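Only one structure is covered here, and it is reproduced in the block below.
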Amino acid sequence: MSVPFLAARHVYATLAPAEAIEAVRDAFIQHARGRWEMPSKVYVTSQDGDFRAMPAAGAGYAVLKWVTSFPKNPERGLPTVSGVVLLSDSETGELRALLDAGAVTALRTGAAAVLAAEVLARPTVGAAAIVGCGVNGRAVARTFLARNRPVLLWDARPEQATLVAAELGEEATVARDRAEALSADIVATVTPGHELLFEAGTLHAGQHVSLMGADGPGKAEIAVEELLRARVVVDEWEQASHNGDIARAVEARGLRREDVSELGRVLLEQEPGRADEHDVTVFDSTGLAVQDLAVSRAVYERWRAAPGTHAFAGVTELDIG
């Protein structure tokens with residue numbers, strides 16, 4: 001038996017950012033309705049990073065993403081995120097495809113950040129600020145641009161922000177400093193999560209922030225005090241309450257499930273999102289395996305429908321016996 005390995009170039013060529021938003025939207029809705037199953041992710045820590053095993057099942061498939069997060073890797077000339085997604089048939093158990101985990105993660109991260117902003121931010125034509133311009137930050141920027149929203153970029157490495165701005169075109173500009181980026185009406189943070197970006201009292205009325213970086217134990221991008229005065233929406237309470245910013249608020253100040261909404265339930269109008277233009281809204285993302293399932297399923301089904309197209313040139317078929 002042979003299965004395709006869909007490399008990063010195949011994933012990106014197959015699913016446009018706007019299409020990834022719709023796939024991820026469906027994943028949130030199906031999970032909120034209880035139709036897609038997602039056990040908790042498992043972490044294995046290492047000195048400089050961690051490994052994650054992320055399973056999910058739905059729509060006739062089961063997925064397992066084995067992915068790493070090693071924030072020091074760019075200093076070594078290596079990607080921060082790498083790994084593989086295994087996509088299987090949920091009826092027979094047969095492996096259907098392997099996909100590059102870094103590309104799948106980038107696409108769904110960009111989609112989730114922008115989807116949350118579109119659902120929760122007040123109407124504005126201003127640029128969305130992206131703080132952190134690595135692979136996932138670049139994906140967030142591309143997704144905002146695909147929705148015809150200009151972007152303002154900042155990175156702790158100024159040359160990285162400049163490089164990404166040049167790559168993305170005239171609708172992408174570099175912020176004068178971090179303070180300018182963090183003061184935008186719409187902000188997406190895509191950092192390693194080792195430094196607080198929003199200290200107490202820094203969010204302004206009407207602002208929306210998609211926090212994408214503090215996705216694991218011990219990580220943080222926002223002060224607990226800021227979370228407690230914002231209208232908070234999470235990707236999933238069970239996972240968020242044990243990882244990153246929400247876990248800190250649960251432990252320090254007793255943040256409870258009834259204090260927050262889940263994005264899927266907001267999409268279904270079962271839980272509240274933004275109430276008025278003065279609300280400060282925060283989307284806290286820890287990254288869900290159902291999002292990986294949605295993106296992987298969409299890419300695989302396009303390969304299965306037309307394996308000989310240009311987008312899939314050079315796909316390797318692996319013999320797994």
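Only the coordinates and a few stated rules stand behind these numbers; no lab work does. A quick note: this is a predicted structure, and the numbers were derived from the prediction, not measured. With ideal geometry, Cβ positions are generated from the backbone for all residues, glycine too; neighbour counts draw on all protein chains shown.
Quick look at the values:
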item: Region 22-67: C-alpha gyration tensor shape, a/c 1.5 cut-off, then a/b vs b/c; result: prolate
item: Size-normalised alpha-carbon gyration radius of region 112-284, reference 2.2 N^0.38 Å; result: 0.97
item: Acute angle (nearest 10 degrees) that the helix 289-305 long axis makes with the longest principal axis of the chain, alpha-carbon atoms; result: 40 degrees
item: Simple spin-label estimate for residue 179 and residue 22 in nanometres, 7 Å along Cα-Cβ; result: 4.4 nm
item: Tensor-based shape of region 66-193 (alpha-carbon gyration tensor, a/c under 1.5 rounded, otherwise prolate or oblate); result: oblate
item: Region 1-48: trypsin sites (Lys or Arg not before Pro) in DSSP coil with no more than 12 other Cβ atoms inside 10 Å; result: 33, 35
item: Highest-MSF residue in the chain out of 74, 150, 158 [GNM, Cα springs under 10 Å]; result: 74
item: Projected label distance in nm at residue 33 and residue 319, using a 7 Å step from Cα toward the beta-carbon; result: 4.3 nm
item: Straight-distance crosslink candidates among lysines, where the alpha carbon sits under 20 Å from residue 219 and sequence neighbours closer than 8 are dropped; result: 41, 72
item: Gyration tensor over alpha-carbon atoms, region 46-89, equivalent ellipsoid semi-axes in Å; result: 27, 10, 6
item: Residue 256-residue 40 FRET efficiency (beta carbon distance; Förster radius 22 Å; 0.05 resolution); result: 0.70
item: Shape category assigned to the chain from the gyration tensor of Cα positions, a/c cut at 1.5; result: prolate
item: Candidates 200, 101, 240, ranked by Gaussian network fluctuation over the chain, Cα under 10 Å, top entry; result: 200
item: Average Cα contact separation per residue, region 112-284, under 8 Å, 6 or more apart, as relative contact order %; result: 23 percent
item: Theoretical gain in end-to-end length, residue 238 to residue 196 [0.36 nm per residue, Cα-Cα removed]; result: 12.8 nm
item: Cα long-axis angle, helix 135-146 against the chain (0 to 90 degrees, to the nearest 10); result: 80 degrees
item: Nearest 10 degrees, 0 to 90: helix 244-253 Cα axis against the chain principal axis; result: 40 degrees
item: Residue 53 paired with residue 90, simple spin-label distance in nm, labels 7 Å along Cα-to-beta-carbon; result: 2.0 nm
item: Descending principal axes extents, region 29-112, alpha-carbon based, whole Å; result: 42, 27, 23
item: Longest segment of the chain lacking GluC sites (Glu not before Pro) that sit in a DSSP loop with at most 14 other Cβ atoms within 10 Å; result: 1-90
item: Local electrostatic count at residue 128 - Lys and Arg +1, Asp and Glu -1, tallied over other residues with Cβ under 14 Å; result: +1
